[in-house]
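What follows is one structure encoded as structure tokens, with my remarks underneath.
The values are calculated or read from the model by the stated rules, or taken from the named source; none is laboratory data. What you are looking at is a predicted structure, and each value in this text was computed from that prediction instead of being measured. A quick note on method: Cβ atoms are made from the backbone with ideal geometry, for glycine too, and the neighbour counts reach across all protein chains shown. These accessible areas exclude ligands, DNA and RNA; they are computed on the full protein's heavy atoms, side chains included. Shrake-Rupley method; radii C 1.70, N 1.55, O 1.52, S 1.80 Å.
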Amino acid sequence: LSETSPALSFGITLNREAEIVDVEITPSMVRVRRMSYEEAEGRLEDKPLSDLLILTGAYCKRREANEASFFDMPEVKVHIRDGVVEIRPLPELASRSLVREAMLMAGEAAAGFASAHDIPFPYVIQEAPDEDRLAEMLRGEAPSPGTLAYKYVLRRVSQRSQVRIKPSPHAGIGLLNYSRVTSPLRRYLDLAAHQQLRAFINGGELMDESEMLERIGASQAVTGSVNQADWLSRRHWTLVYLAQNPHWSGKGVLVEKRGLSGKVIIPQLAFETQIHMREEKSLNSVLELRVKGINLPELEAYFEVG
């Protein structure tokens with residue numbers, strides 16, 4: 001992370017249907033200027049962002065036509081400054097969608113390139129949701145598509161993504177080929193993918209299938225623990241925030257219910273919790289909540305419905 005940094009650059013050509021028809025991958029040097037999403041949002045009418053917005057928008061529509069699942073849940077940014085926890089909701093911005101689609105495009109391009117050249121590669125796959133389970137969870141009061149409760153159900157029935165040595169469709173993002181390649185500084189298998197691509201482009205020695213499988217296995221062995229640690233950390237600091245703000249009140253959306261018991265998502269905190277209601281409510285009802293207790297060792301918060 002310096003003024004000029006080595007990188008792997010992806011040149012991608014799309015046809016009118018936003019399908020990838022040509023890919024060029026080359027080692028490069030890049031000069032990056034950092035820009036916040038909020039700053040980018042104000043410059044989406046300026047080139048090159050305006051052109052990128054058109055391309056990534058068309059690409060998103062293509063994935064949607066391929067029955068990709070769009071169930072983005074509320075997100076927040078958690079900061080701890082001098083022992084004080086700050087939580088800031090992340091707004092839905094077109095600039096975020098632009099970056100997301102560009103990253104997915106690079107992943108599809110890399111996977112297609114590797115498959116076309118028989119490069120042992122860490123492909124990410126995901127089977128389609130279990131239709132029987134989905135139908136079972138939508139029995140009774142079925143939430144409307146696009147609502148938070150419906151996204152919650154989709155997340156519950158989605159199959160876990162897997163990393164394999166052979167390409168296969170990723171149902172969740174609506175792509176036939178996909179690999180994660182955009183975070184080689186953060187994710188180990190992204191780095192392994194870059195190493196394979198660089199070796200192929202430079203005429204070097206590739207990892208064979210057994211070597212790539214060994215790396216996939218080593219990464220997968222710790223991925224679950226890393227994800228769990230991230231979830232526990234976020235939950236811990238959210239509870240610390242509530243402990244520091246004992247009179248907190250806000251809105252929660254009912255996403256699951258059984259009688260007078262239910263589960264809500266609090267968008268302002270990106271927090272899921274169980275609640276007890278005085279009267280039955282319909283799914284997606286917005287409830288006024290007040291915090292009434294924190295159990296930090298058990299990572300639980302208790303709310304009362306106003």
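Structure notes:
- Average silhouette area of the chain, convex hull of alpha-carbon atoms, in square nanometres: 18.8 nm²
- On full extension, the segment bounded by Glu38 and Glu298 gains 90.0 nm, given 0.36 nm per residue less the C-alpha separation.
- Max mean-square fluctuation residue, GNM over the chain, Cα-Cα springs under 10 Å, options Val84, Val23, Val124: Val84
- Sum of -39500 (n - 2.57) over DSSP H runs of 4+, divided by residues of the chain (222 nm, nearest 500): -12000 deg cm²/dmol
- Among the listed pairs Lys151/Lys263; Lys263/Lys292; Lys251/Lys292; Lys47/Lys77, those beyond 21 Å (Cα-Cα): Lys47/Lys77
- For Thr147 and Arg96, the difference between the fully extended length at 0.36 nm per residue and the C-alpha to C-alpha distance is 16.4 nm.
- One chain, two ends: Leu185 and Ser2. Fully extended at 0.36 nm per residue, the span grows by 64.5 nm beyond their Cα-Cα distance.
- For region 171-291, diffusion coefficient by Stokes-Einstein and Kirkwood Rh (Cα), 37 °C, 0.692 mPa s, µm²/s: 177 µm²/s
- Residues of region 156-197 falling in the label zone of Glu209, defined by backbone nitrogen less than 15 Å from a point 7 Å along Cα to beta-carbon, are 164-168.
- Kirkwood hydrodynamic radius (C-alpha pairs) into Stokes-Einstein, region 1-158, 25 °C and 0.890 mPa s, D in µm²/s: 129 µm²/s
- Within the full protein context, the accessible area of Ile87 is estimated at about 30 Å² for a probe radius of 1.4 Å.
- Span-rule helices in the chain, defined as complete DSSP H runs reaching 27 Å or more along the axis (Cα) with Kyte mean at least -1.0: 94-116, 209-244
- Only protein atoms count toward the accessible area here, which uses a 1.4 Å probe; on the chain, the carbon and sulfur part of that area reaches 51 percent.
- Nearest-0.05 FRET efficiency for Leu232 and Ser28, computed from C-beta distance (R0 35 Å): 0.35
- From the alpha carbon centroid of region 100-152 to that of region 261-276 is 25 Å.
- Surface/4 estimate of mean projected area, convex hull on alpha-carbon atoms of region 57-138, nm²: 9.5 nm²
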